[in-house]
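> Input: one structure, supplied below.
The values are calculated or read from the model by the stated rules, or taken from the named source; none is laboratory data. Remember, predicted model here, so these are calculated numbers, not experimental data. When we count neighbours, we look across all protein chains shown, and the Cβ atoms used for this are built from the backbone with ideal geometry, even at glycine. In case anyone asks, the SASA skips ligands and DNA or RNA and just uses the protein heavy atoms, side chains included. Shrake-Rupley method; radii C 1.70, N 1.55, O 1.52, S 1.80 Å.
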Amino acid sequence: MTELLQNLIDGLGRGSIYALLALGVAVVFGVMHLLNFAHGELITVSGYATFWAMAAGWSWYLTVPLIVVVSVATSLAIERVAFSRVRGADDFTLLLTSFGVHFVVSAIFLLYVSASVKTFPRPGWVTNTYALGSLRVEVFDTVVIGVTVVTLLATTLLLQRTMFGLALRAAAADFDTARLMGVRSNSVIRGAFALSGLLAGIASVFWLMRAGSISPSAGINPMLKGVLAALVGGLGSLRGAVLGGLALGLAEVLLRSRLPDSVASLTEGVVFLLIALLFIFRPQGIVTVTHAERV
Amino acid sequence: MDFSDVVGFVDIPGSNLVPYVAELINCTGGINGSPVEVRVAEVGDDAALAAQELLDWGAQFLIGPPFADFALPILQTTGGNVPLFVAASTEPTLADASINSYLVTFDDFAMAGAAAQWALDQGITRAIVFTEGEGIPYTGVNPDAFAAAFVAGGGEVVSTQTYVWAADTDFSAQVNEIAGISENNEVVFSAALAFQVTALRGQLEGQGLDGLTYIGTDAMDATGIQVEANNEGIAHTPHTSISAGDPIDTLLAGYEASRGEALASRGFMALYVDSLFLGIQGMLDCDCTEPADIGEAVKQISGFQGLSGEITYAGTNGIPPKAVPINQIVNGEDVLVATIGG
């Protein structure tokens, strides 16, 4: 029982980061129907910014806001340089463009920085633990879960209580009708990318604190987790993205812990198998999204 | 050479160093008056095409990237008729003297076996092994070999954990399991990258397991265990244990002075230089320029004094029986603490 509780806490910690990534994917998908495979590059760029900041002697206190700013700026830059050129194109073109951005960003760091992994110090408290009954809980997991909850609440307030949120939700429900009702497409799309970058920036902070390293292809893993979580939750659903992220994190930790040693190396494969089964029985994901089809 | 970030961390600096060494040779009159010519081809997404480009150019031997994904298409292109030195690889299946394919360093079995021997020599009898899965090249073969050697030497593997190589940095699930069985005196072995090992160590220490010993493979050297935080005491198996003033240290310093930038993955660089000189040695031994004849001569090389140690192919299948250096971070310095085998 103790180990199960321990696993649940670990899974929620891991799943919280996935939820933040998935939420960023879902926000952009909602307004553009773009499944953004370049989302992980926000972590790559932020990671190199972290490496250089740390090399220059910056502390984590200074680096955390830098990561968030770099992530938002990168997200806006990617929208400006790449996605604004193909706005209104079919979904497949958008998908290919996002793959292109992913490969170009990786190649830039590979060619002009290094193929080697660059490391930087993790904050000292990342591996600290505290006792909670018979459990040993990582301070990191507690902070990640807490910050994720606050971020989700703030995002909900932003979407529910502001004009920008209303415009974003209207665009997600029916982009063309929203435009006819006076929603400015440029503003709402850039806003969506900025929000996506902000969420990715917060996720990046935790991802990089845990990893303590960056490499040109470091964005692949978080991109896969974010996209998968968004798909599992139900593409376009913000609530689903959060649920998908948490479900993915819990599944990974529980499976790695519960599978027999002889097959434990198949954990990732079993996760994908479960996702495939989910899509057989619920192709729409955990949450059903109802909105008008863009034509 | 592969310039992607799969192998680029060694192949990019290696492909810079080899032409530099050829320049040095040519500055001193070349080999028996003939200049050494080096051409670098990037494998990109078609290693066979890159190999064909070099064969068309007239390459007499090849220095190739590690990992079967790259090396096997090259071997299919050479048809076994041109010597291939898989410079930075420890993959035993890539060595086959009958098709002129050679490792320049020890293989996974020697590397992980030496790590197990070192742990046993420290009086450690319990091991925790991290693997990607049984039989998986490098990430599974090394843990398999470590476990076999450790048990054969009288030790016990008390826990085998799985992880995703080069990706996982959150080991919560594994750490929880280890915390339940550890006596805080085990050796932890993996082929993981340096930042993964220090992440794992941090989480284990967070659970109060601060008495564990860590040893890993050449991947630790490749990914900078020397500059990682919380690296004190961590041991690893580099290809070359470099000290100030060593021939390889002098060569690398000369490169830096000449080119204005230092090379990464220093511990692997001697393997690229040795690959070049092994090919040249084959040509000198056979007094020939035909690749197939050079290959026959390379098979007979014995007691070659390379920058990375003594290399012998005679009587082997292409894996030189080299000694494995064991380095450890002691007082912040990466120092040679043992040499095993050879």
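> Identify, please: which residue in the range A:257-271 is open to solvent by less than 20 Å² (accessible area, probe 1.4 Å) and touching a Ser or Thr at 6+ places or on another chain (Cβ under 8 Å) and is, among those, farthest from the other protein chains (Cβ to nearest Cβ)?
If we filter the range A:257-271 for residues that are open to solvent by less than 20 Å² (accessible area, probe 1.4 Å), which is where we start, we get A:257, A:264, A:267, A:271.
Add one more test, that the residue is touching a Ser or Thr at 6+ places or on another chain (Cβ under 8 Å), and what stays is A:264, A:267.
Details: A:Ala264: 4, A:Thr267: 7 Å.
Among those residues, the one meeting the criterion is A:Thr267.
> Now for a different question. Give me the pairs, please: first residue somewhere in the range B:162-175 and facing chain A (nearest Cβ under 8 Å) and surrounded by fewer than 22 Cβ atoms within 10 Å (Cβ to Cβ), second residue anywhere and part of a helix (DSSP H, G or I) and not charged (D, E, K, R), beta-carbon distance under 8 Å, and either six or more positions apart or on two chains.
Sorted first by the residue in the range B:162-175, then by its partner, the pairs are B:Ala167/A:Asn221.
> Shifting gears a bit: Output the residues belonging to the range A:66-90 that are surrounded by 13 or more Cβ atoms within 10 Å (Cβ to Cβ) and either in contact with a Cys (Cβ under 7 Å, 6 or more places away or on another chain) or not hydrophobic (A, V, I, L, M, F, W, C) (or both).
Filtering the range A:66-90 down to residues surrounded by 13 or more Cβ atoms within 10 Å (Cβ to Cβ) leaves A:66-79, A:82-84, A:86-87, A:89.
A:Ser71, A:Thr74, A:Ser75, A:Glu79, A:Ser84, A:Arg87 - these are the residues of the range A:66-90 that are surrounded by 13 or more Cβ atoms within 10 Å (Cβ to Cβ) and either in contact with a Cys (Cβ under 7 Å, 6 or more places away or on another chain) or not hydrophobic (A, V, I, L, M, F, W, C) (or both).
> When B:Ile124 is evaluated against the numbered criteria (1) under 24 Å from the mean Cα position of the chain (by Cα); (2) more than 14 Å from chain A (Cβ to nearest Cβ), which criterion, by number, is the only one it fails?
Here B:Ile124 clears every test but (1).
> Is one or more of the residues making up the range A:130-151 outside any loop (DSSP other than H, G, I, E, B), at pLDDT below 90 and among the polar types (S, T, N, Q)?
The answer is no, given that none of the residues of the range A:130-151 is outside any loop (DSSP other than H, G, I, E, B), at pLDDT below 90 and among the polar types (S, T, N, Q).
> Continuing with the same structure: Would you call B:Val197 surrounded by 24 or more Cβ atoms within 10 Å (Cβ to Cβ), within 13 Å of another protein chain (Cβ to nearest Cβ) and at pLDDT 95 or above? Working first, answer last.
Working: surrounded by 24 or more Cβ atoms within 10 Å (Cβ to Cβ): yes; within 13 Å of another protein chain (Cβ to nearest Cβ): yes; at pLDDT 95 or above: yes.
Judged against the criteria, B:Val197 is a match.
> Go through the range B:25-39 and give me each residue that's of a type in the set (A, V, I, L, M, F, W, C) and either touching a residue at least 24 places away in the same chain (Cβ under 8 Å) or within 13 Å of B:Met283 (Cβ to Cβ) (or both). Step through it out loud before you land on a result.
We begin by selecting, within the range B:25-39, every residue of a type in the set (A, V, I, L, M, F, W, C); these are B:25, B:27, B:31, B:36, B:38.
B:Ile25, B:Ile31, B:Val36, B:Val38 - these are the residues of the range B:25-39 that are of a type in the set (A, V, I, L, M, F, W, C) and either touching a residue at least 24 places away in the same chain (Cβ under 8 Å) or within 13 Å of B:Met283 (Cβ to Cβ) (or both).
> Of the residues that make up the range B:82-91, is at least one open to solvent by 40 Å² or more (accessible area, probe 1.4 Å) and touching a residue at least 24 places away in the same chain (Cβ under 8 Å)? Steps first, please.
Residues of the range B:82-91 open to solvent by 40 Å² or more (accessible area, probe 1.4 Å): none.
The answer is no; no qualifying residue exists.
> Something else about it: Which residue is surrounded by the fewest Cβ atoms within 10 Å (Cβ to Cβ), if the candidates are limited to the range B:96-139 and must be β-branched (Val, Ile, Thr) and closer than 17 Å to B:Tyr214 by Cβ?
Keep residues of the range B:96-139 that are β-branched (Val, Ile, Thr), which gives B:99, B:104-105, B:124-125, B:128-129, B:131, B:136, B:139.
Filter again for closer than 17 Å to B:Tyr214 by Cβ, leaving B:124-125, B:128-129, B:131, B:139.
On the way: B:Ile124: 18, B:Thr125: 16, B:Ile128: 24, B:Val129: 23, B:Thr131: 27, B:Thr139: 23.
Step by step, filter the range B:96-139, then rank; the result is B:Thr125.
> Of all the residues that make up the range B:140-161, how many are within 12 Å of chain A (Cβ to nearest Cβ) and buried (at least 23 other Cβ atoms within 10 Å of the Cβ)?
Qualifying residue count for the region: 1.
> Out of all the residues in the range A:101-108, is one or more open to solvent by less than 30 Å² (accessible area, probe 1.4 Å), in contact (Cβ under 8 Å) with a residue 40 or more places away in the chain, within 14 Å of chain B (Cβ to nearest Cβ) and farther than 20 Å from B:Asp168 by Cα? Even if it seems obvious, please write down each step before you answer.
In the first step, residues of the range A:101-108 are kept if they are open to solvent by less than 30 Å² (accessible area, probe 1.4 Å); the result is A:101-102, A:105-106.
Cutting the leftovers down to in contact (Cβ under 8 Å) with a residue 40 or more places away in the chain gives us A:101-102, A:105-106.
Right, trim to within 14 Å of chain B (Cβ to nearest Cβ) and you get A:102, A:105-106.
From the residues that got through so far, the ones that are farther than 20 Å from B:Asp168 by Cα too are A:102, A:105.
Taking every residue of the range A:101-108 in turn, at least one turns out to be open to solvent by less than 30 Å² (accessible area, probe 1.4 Å), in contact (Cβ under 8 Å) with a residue 40 or more places away in the chain, within 14 Å of chain B (Cβ to nearest Cβ) and farther than 20 Å from B:Asp168 by Cα.
> Working carefully through the options B:Val43, B:Val18, B:Val36, B:Val6, find the one that is open to solvent by 40 Å² or more (accessible area, probe 1.4 Å) and of a type outside the set (Phe, Trp, Tyr). Give the derivation first.
Numbers: B:Val43 fails: open to solvent by 40 Å² or more (accessible area, probe 1.4 Å); B:Val18 fails: open to solvent by 40 Å² or more (accessible area, probe 1.4 Å); B:Val36 fails: open to solvent by 40 Å² or more (accessible area, probe 1.4 Å).
Answer to the selection: B:Val6.
> Related question: Any residue that is away from chain A (no Cβ under 14 Å), under 17 Å from the mean Cα position of the chain (by Cα), in contact (Cβ under 8 Å) with a residue 12 or more places away in the chain and farther than 30 Å from A:Gly124 by Cβ - is there at least one of those in the range B:246-267? Spell out the reasoning first.
So the first thing to find is which residues in the range B:246-267 are away from chain A (no Cβ under 14 Å), and the list is B:246-260.
Cutting the leftovers down to under 17 Å from the mean Cα position of the chain (by Cα) gives us B:248.
Add one more test, that the residue is in contact (Cβ under 8 Å) with a residue 12 or more places away in the chain, and what stays is B:248.
Then keep just the ones that are farther than 30 Å from A:Gly124 by Cβ; that gives B:248.
Yes, the range B:246-267 has at least one match.
> Got at least one residue in the range B:205-220 being under 18 Å from B:Ile340 (Cβ atoms), charged (D, E, K, R) and either surrounded by 24 or more Cβ atoms within 10 Å (Cβ to Cβ) or more than 11 Å from chain A (Cβ to nearest Cβ) (or both)?
There is at least one residue in the range B:205-220 that is under 18 Å from B:Ile340 (Cβ atoms), charged (D, E, K, R) and either surrounded by 24 or more Cβ atoms within 10 Å (Cβ to Cβ) or more than 11 Å from chain A (Cβ to nearest Cβ) (or both).
> Scan the range A:109-129 for residues that are of a type in the set (A, V, I, L, M, F, W, C), more than 8 Å from chain B (Cβ to nearest Cβ) and out of contact with any helix residue (DSSP H, G or I) (no Cβ under 6 Å at 6 or more places or on another chain) and jot them down. Reasoning before the result, please.
At the first step, the residues of the range A:109-129 found to be of a type in the set (A, V, I, L, M, F, W, C) are A:109-111, A:113, A:115, A:117, A:120, A:125-126.
Now drop any that are not more than 8 Å from chain B (Cβ to nearest Cβ), which leaves A:109, A:111, A:113, A:120, A:125.
If the condition is that a residue be of a type in the set (A, V, I, L, M, F, W, C), more than 8 Å from chain B (Cβ to nearest Cβ) and out of contact with any helix residue (DSSP H, G or I) (no Cβ under 6 Å at 6 or more places or on another chain), then A:Phe109, A:Leu111, A:Val113 are the ones that fit.
> Related question: Taking the residues in the range B:59-76 that are modelled with pLDDT under 95 and of a type outside the set (A, V, I, L, M, F, W, C) as candidates, determine which candidate is surrounded by the most Cβ atoms within 10 Å (Cβ to Cβ).
Across the range B:59-76, the extreme among qualifying residues is B:Gly64.
> Would you point out the residue of the range B:232-267, among those that are in a helix (DSSP H, G or I) and within 17 Å of B:Gly8 (Cα to Cα), that is least open to solvent (accessible area, probe 1.4 Å)?
Pass one, the range B:232-267, residues in a helix (DSSP H, G or I): B:247-259, B:266-267.
Next cut, within 17 Å of B:Gly8 (Cα to Cα) only: B:266-267.
Values: B:Arg266: 97, B:Gly267: 6 Å².
The residue in question is B:Gly267.
> Let me ask another. Limited to the range A:85-127, what total is found for residues that are farther than 30 Å from B:Glu205 by Cβ and part of a loop (DSSP other than H, G, I, E, B)? Please lay out each step first, then the result.
Residues of the range A:85-127 that are farther than 30 Å from B:Glu205 by Cβ, as a first pass: A:85-113, A:115.
When the remaining residues are screened for being part of a loop (DSSP other than H, G, I, E, B), the result is A:87-90, A:113, A:115.
Qualifying residue count for the region: 6.
> Here's something else I'd like to know. So which residues in the range B:211-231 are assigned to a loop (DSSP other than H, G, I, E, B) and either touching a residue at least 60 places away in the same chain (Cβ under 8 Å) or more than 20 Å from A:Phe120 (Cβ to Cβ) (or both), if there are any at all? Walk me through it before giving the result.
If we filter the range B:211-231 for residues that are assigned to a loop (DSSP other than H, G, I, E, B), which is where we start, we get B:211-212, B:217, B:223-224, B:228-231.
Across the range B:211-231, the qualifying residues are B:Gly211, B:Leu212, B:Thr217, B:Thr223, B:Asn231.
> Do we find a residue being within 14 Å of chain B (Cβ to nearest Cβ) and open to solvent by less than 60 Å² (accessible area, probe 1.4 Å) anywhere in the range A:145-154? So that I can check it myself, show each step before the final result.
Here is the first cut: in the range A:145-154, the ones within 14 Å of chain B (Cβ to nearest Cβ) are A:145.
With open to solvent by less than 60 Å² (accessible area, probe 1.4 Å) added as a condition, the list becomes A:145.
The answer is yes; a qualifying residue exists.
> Given (1) part of a helix (DSSP H, G or I); (2) facing chain B (nearest Cβ under 9 Å); (3) of a type outside the set (Val, Ile, Thr); (4) open to solvent by less than 10 Å² (accessible area, probe 1.4 Å), identify the lone condition not met by A:Pro216.
Failed condition: (1).
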